[in-house]
1. With only alpha-carbon atoms counted, please give the Rg and Dmax of the protein assembly as shown, in Å.
2. Of B:K26/B:K166; B:K26/B:K254; A:K272/C:K220; A:K272/C:K260, which sit over 32 Å apart, Cα to Cα?
3. Would you calculate a helix-derived [θ] at 222 nm for the protein assembly as shown, using -39,500 (n - 2.57) for each DSSP H run of n ≥ 4 and dividing by the full residue count, to the nearest 500?
4. Between B:R89 and B:A163, what is the FRET efficiency for a Förster distance of 35 Å, r being their Cβ-Cβ separation, to the nearest 0.05?
5. Along Cα→Cβ, 7 Å out, is where each label goes; now give me the distance between the ones at B:E22 and C:L150 in nm to one decimal.
6. Based on DSSP loop calls and a cut-off of at most 14 other Cβ atoms within 10 Å, the longest stretch of chain A free of exposed chymotrypsin sites (Phe, Trp or Tyr not before Pro) is what?
7. Please compute the contact order of chain C in relative form: average sequence separation of alpha-carbon pairs under 8 Å and at least six residues apart, divided by the residue count, as a percent.
8. From the alpha carbon gyration tensor of the stretch C:30-113, can you work out the equivalent ellipsoid semi-axes (sqrt of 5 times each eigenvalue) and give them in Å, largest to smallest?
Amino acid sequence: MLLATDRWRERLIVGFLFAVAFGLPWLMPSRALFVAETASVALFALSLDLVLGYAGIVSLGHAAFFGVGAYAAGLFAKLVMPDPLTGLAVGIAVAALMGLACSLTILRGSDLTRIMVTLALSLLLYELANRFDAITGGADGLQGMAMGPLLGRFEFDLQGQVPATYALAVLFLALLLVQWVVRSPLGATLLAVRDNPLRAAAVGIPVASRLAFAYAFGAALAGAAGALVAQTSGFVSLEVFSIERSADVLLMLVIGGAGWVYGGVLGAVAFKVLNELVAGITPQYWTFWMGLFLLAIGLLGRERVLRPWALWQRPSTKAVR
Amino acid sequence: MGSLAAPFDKGSAVSAPVLRTERLEKRFGGIVATDSVSLSIAPGARHALIGPNGAGKTTLVNLLTGVLPVSAGAVYLDEVDITRLPVHRRVARGMVRTFQISQLFRSLSPRETLALIVGQQRGLGRRWWGSLAREASVIERADQLLEQFRLASVRDVRTDQLAYGKRRLLEIAIALACEPRVLLLDEPVAGVPAGEREEILQTLAALPAQVSILLIEHDMELVFGFSRFITVLVNGSVLAEGEPAAIAADPRVKAVYLGSGAGHTP
Amino acid sequence: MPTLVFDGIAYGMLLFILAVGLSVTLGLMNFINLAHGAFAMLGGYLTVAFTQRLGVPFVPAILLAFLATGLVGAVLERLLYRPMYQRSHLDQVLFSIGLVFMSVAATDWLVGSQQQNIHLPGWLQGRSEFGEGALGMGHYRLFIIAVCALLVLGLQAILSRTRFGARLRASVDDARVAAGLGIDVNRVFSLTFAVGSGLAGLGGALGAEVLGLDPSFPLKFLVYFLIVVAVGGTSSVTGPLLAALLLGLADVGGKYFIPKLGAFIVYALIIALLLWRPNGLFSRGGSGR
């Protein structure tokens, strides 16, 4: 995996799937907004993969960075300027800086402390956004952002075709970047840190700075995902910080397989499609079915629930322990 | 990065020790685990550290490598004070260890493991582009280590699927991939089945002569066959030091080992 | 001001009873049980059902809630939790957060999402004022403090005086060594889990009036339980107790003095605290490594 040189098959498959995805909003215009949202949460799941799959940090508050990106991009569009790409950059930058600052909290301490701190962080931001309602709109959500045309030419249409293409393009580029990084010598040291931090330090890898890097990188991409959701839907609500959102993304990543660059994306697609189907039947009790699914995965093991047919995916998800 | 610290030339005939501790101390609450240990490892040494269970041998290794913070005293590598240096910086200065219980990268293969460490060693660890697969010299060195440690046949097997003896070999290969000048071997043959033992002993004997080695071991056959100098640790402090023959004849050492019933001195 | 301290102590005591079971579970089996709050919620709803549907008086009702939740805990431990002990923390998180979501949705479906009210008996209503309003003590909060203080003393006595307490402490210290000494660690754990769940249920029953009770209870208070355990550590009863009192005082005080920021103060304080001492305030390991 780390030393493989021949990747043409993988490129072909990924290229084909993305070509289909890019075609969807134009072939099925009624589904364009769904595509935009799915691409955004797929990016969110990819960002969690860096934190959980590549750094081994169990987080129950990854929504913190998603939410910060969403509010930063939303406020930027509303108060400063409407250009989407600049707003995206702002969302990424703010989330990355916060991730870097917060990496201090997750470098030390046990899994329990990390779960608690990440959760507390997202709740803290929820409180902040709720109380400063003069700026954020509070419980009513942030409204009234008008997005400018993409690249100065393509207006965001209400049907969602341009937003969907935009979100897919950002997801595609992020995927390339992550893939690039995790397969580099730096990425190899990340795997080493995840597998065995004690040994990683004993071969000269600076464990703390690697964890901080993975965490901040994950935060930056989560910020990008949040910014995309804000820009493509034109709305940010307090829900972006909720524990449900953190749990959703955890489930997506686990469905697709953590520690594998495509895991988050595949999981997000599966999750969103499933959500559409189940929510169509019993809209209120989606939480129950999601809970049952999480419980089953935890109880029976990820391999048995998600891939009973074969272990075709090479890096075992068991690596994340 | 090679060694930053050039050894001090004191102009004396006796070469300065590569690794030295000064009245090293470690307390856990009220318990003194390491009590005023002053140790000196000469260049190219084959130095063994022995002692009964609970003598504080592994604690000492953890102090030397920086896994545990010291309570008092100092550690010098090439006469530079490294007492407060973090673990990975000590490795960069050439001090490397192995673990009593193999610490491997579970999801990687031996070849990936060694390639990543050689890459890190050659300063590629922060490079976020390209692939290790394209670094011919890194791959070459990794394959060379695989040969040397008889791991070529299992080079692409995930390390959590390896046989115990192979895991021990990889443990030592990992340390050597770090290009150590000082190597701390923490019980390299502990728990290795008899059939696989010989393989490890041979690779130990073949370690480069210029590498200074501190061997922590229970196995007296290995200790007396391998080392040219022995330090005996009891209850966290140094009981005796000297050449193997002198140690074997020391009545205090005999008392400790006969008392604990683990002695098979030659 | 004294009123504030009084309220803070009552709140902290309540948090302790709610979270102490989680602390023991974590210390004993290194198991992260995020569903602990679900047991508390169950205790609360059972009390509502007992008092309003069946006409059971308040005090017997909360005792029944304690027993019933403990029983449910014992059954679930045997059926669901036991296979999870050896699993990774990620699996434990997925499993237990799944249980939380199921309990939230199921409660919503069974009884609806509205807030539940507990009708307190007359002798627990009202408040006493001292020193011209300087200290106002609600009778119910006084009752909570008294019950919780008794429980703390009881728990402490069980841990330090009884045979079971000695076994429990040995198992927390090192389960493998304890098993080697002939202690049936599995049974110790079953019993502890049941009592811990029961205490959560009791806390939920007592706290419904103060904390509010609706289906989102396990999620809303999850972070508070985690804080008590993360800050207080798992090696004693006093650690979580002090952590819970600290949290109760900080929360009540923060919301009183800076109402605009609400719970923000507490979260910020806790994060700063754990930056300073990542292993908690009262861990034996000192200021962390």
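The values are calculated or read from the model by the stated rules, or taken from the named source; none is laboratory data. Nothing here was measured: the structure is a model prediction, and the numbers come from that model. Note that each Cβ is placed from the backbone with ideal geometry, even for glycine, and that neighbours are counted across all protein chains shown. Accessible surface areas use protein heavy atoms only, side chains included; no ligands, DNA or RNA. Shrake-Rupley method; radii C 1.70, N 1.55, O 1.52, S 1.80 Å.
1. When restricted to the Cα atoms of the protein assembly as shown, Rg and Dmax are 30.1, 96 Å.
2. Check vs 32 Å cut-off fails for B:K26/B:K166; A:K272/C:K260.
3. After summing the helix terms and dividing by residue count, I get -18500 deg cm²/dmol.
4. 0.55
5. Placing both labels 7 Å along Cα→Cβ, they lie 6.4 nm apart.
6. The longest uninterrupted stretch comes out as A:133-308.
7. After rounding, I find 37 percent.
8. Semi-axes (√(5λ), whole Å): 27, 15, 8.
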